[in-house]
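Encoded as structure tokens, the structure appears first; notes follow it.
The values are calculated or read from the model by the stated rules, or taken from the named source; none is laboratory data. Bear in mind that the values here come from a model prediction, so they are computed numbers and not experimental data. Cβ atoms come from the backbone with ideal geometry, glycine included; neighbour counts cover every protein chain shown.
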Amino acid sequence: MKSNELKEKAKEAEELEDLIKTVVDAEGIIHEICLEIQRFDIQEPHGWLSTIIDELRQQLENRLERL
């Protein structure tokens, strides 16, 4: 029983780590987009892109820590 639980938690942790990597990659892309739109004197609307992706990364990292 415990062995199955550990396997499930290990799988979930691996999936969370993969998802966090994807989110971190997305953060980099969003940062690049924000820099590029500034060239055209356009600001990120209300900072929502950066805020949402940062909050998502934090939630995923917190969930991974709880495992």
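List of remarks:
- Within region 38-52, the set of residues being touching a helix residue (DSSP H, G or I) at 6+ places or on another chain (Cβ under 7 Å) and not in a loop (DSSP other than H, G, I, E, B) comprises LEU49, SER50.
- Test set (1) of a type in the set (Val, Ile, Thr); (2) modelled with pLDDT of 95 or more; (3) touching a helix residue (DSSP H, G or I) at 6+ places or on another chain (Cβ under 8 Å) - THR22 fails condition number: (3)
- Filtering region 25-42 to residues that are under 14 Å from the mean Cα position of the chain (by Cα) and surrounded by fewer than 13 Cβ atoms within 10 Å (Cβ to Cβ) leaves ASP25, GLY28, ILE29.
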